[in-house]
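What follows is one structure encoded as structure tokens, with my remarks underneath.
Here, each number is a calculation from the coordinates, and none is a lab measurement. Quick caveat, the model's predicted, so the values are computed rather than measured. Every residue, glycine as well, gets a Cβ built from its backbone with ideal geometry; the counts of neighbours run over all protein chains shown.
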Amino acid sequence: MLSIENLRVSVGGAEILKGLSLVVPAGEVHAIMGPNGAGKSTLSYALTGRDGYDVCDGSATLDGADILGMAPEERAARGLFLSFQYPLEIPGVPTMSFLKAALNAQAKARGEAELPATDILRRVRARAETLRINPDLLKRPLNVGFSGGEKKRMEILQMMVLEPKLAILDETDSGLDIDALRIVADGVNALRGPDRAMLVITHYQRLLDYIRPDKVHVLVAGRIVDTGGPELALRLEKEGYDRYLAAA
């Protein structure tokens with residue numbers, strides 16, 4: 001599914017990722033944990049094509065296709081999705097209109113027919129109900145005036161509607177209370193399947209209590225320095241990153 005080899009990424013002239021390699025097979029959920037400044041968000045932005053994140057070396061492929069040479073919208077059409085740590089507000093664009101436009105833009109990019117508006121409405125409402133999203137929010141401009149928890153639920157709603165091949169969740173748990181965290185995790189878990197992979201970026205073990213990863217990777221100073229099972233996250237929660245920082 002996702003294969004990254006020796007990825008080097010600079011931001012503003014400073015090298016942040018320094019030869020990162022990672023493989024996330026289809027059907028698996030992998031977590032990336034690490035201290036502040038390790039390069040976690042840089043990895044997510046580089047994979048999705050955000051401006052200012054310059055790939056200096058290495059490769060990243062999704063289902064064998066080189067995504068680093070694609071425009072961001074091409075990557076999205078290929079099935080790449082990013083849930084932002086700080087979701088953007090889009091004044092003047094109703095949430096339902098945004099979701100309809102996103103679905104149809106991806107269908108067009110793949111050479112598929114646009115979905116009927118009634119089918120889109122049914123799909124969105126069904127998934128919004130799963131996430132306990134107030135239907136009135138779908139009529140309001142995207143994320144404008146939403147609480148932190150509502151914004152994060154809306155990110156997961158977008159993911160559930162678009163059904164990507166690879167979902168990257170960048171600190172989705174930040175700002176969530178325990179009830180919202182469970183609801184968001186339920187939405188993520190509902191999308192787990194043999195044809196989809198997920199990369200969960202987080203600081204804390206608590207999210208992984210609800211989204212149990214197949215593997216946990218430790219990212220320090222721009223490189224993956226350790227990999228293990230879910231027990232590794234528990235150890236990090238207890239011991240912190242001191243021994244990795246000392247080695248780095």
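Quick look at the values:
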{"read-out": "Nitroxide proxy distance, nm - points 7 Å out along Cα→Cβ at Asp57 and Arg123", "value": "4.2 nm"}
{"read-out": "Cα centre as origin, Lys/Arg/Asp/Glu Cβ charges: the stretch 1-157 dipole, Debye", "value": "660 debye"}
{"read-out": "Antiparallel %, DSSP beta bridges [both residues in the chain], to 5", "value": "60 percent"}
{"read-out": "Estimated FRET transfer efficiency (Ala247, His203; beta-carbon r; R0 22 Å; 0.05)", "value": "0.65"}
{"read-out": "Angle between the chain longest axis and helix 148-162 axis [Cα atoms, degrees, rounded to 10]", "value": "80 degrees"}
{"read-out": "Which of Leu234, Ala117, Ala190, positive extreme of dipole for the chain (C-beta unit charges)", "value": "Ala117"}
{"read-out": "Between 0 and 90°, nearest 10: helix 178-190 axis offset from the chain longest Cα axis", "value": "80 degrees"}
{"read-out": "Gain on full stretching of the segment that runs from Ala14 to Ala190 - 0.36 nm per residue minus C-alpha separation", "value": "59.5 nm"}
{"read-out": "CD proxy at 222 nm, helix term only [per DSSP H run n ≥ 4: -39500 (n - 2.57); per residue of the chain; nearest 500]", "value": "-11000 deg cm²/dmol"}
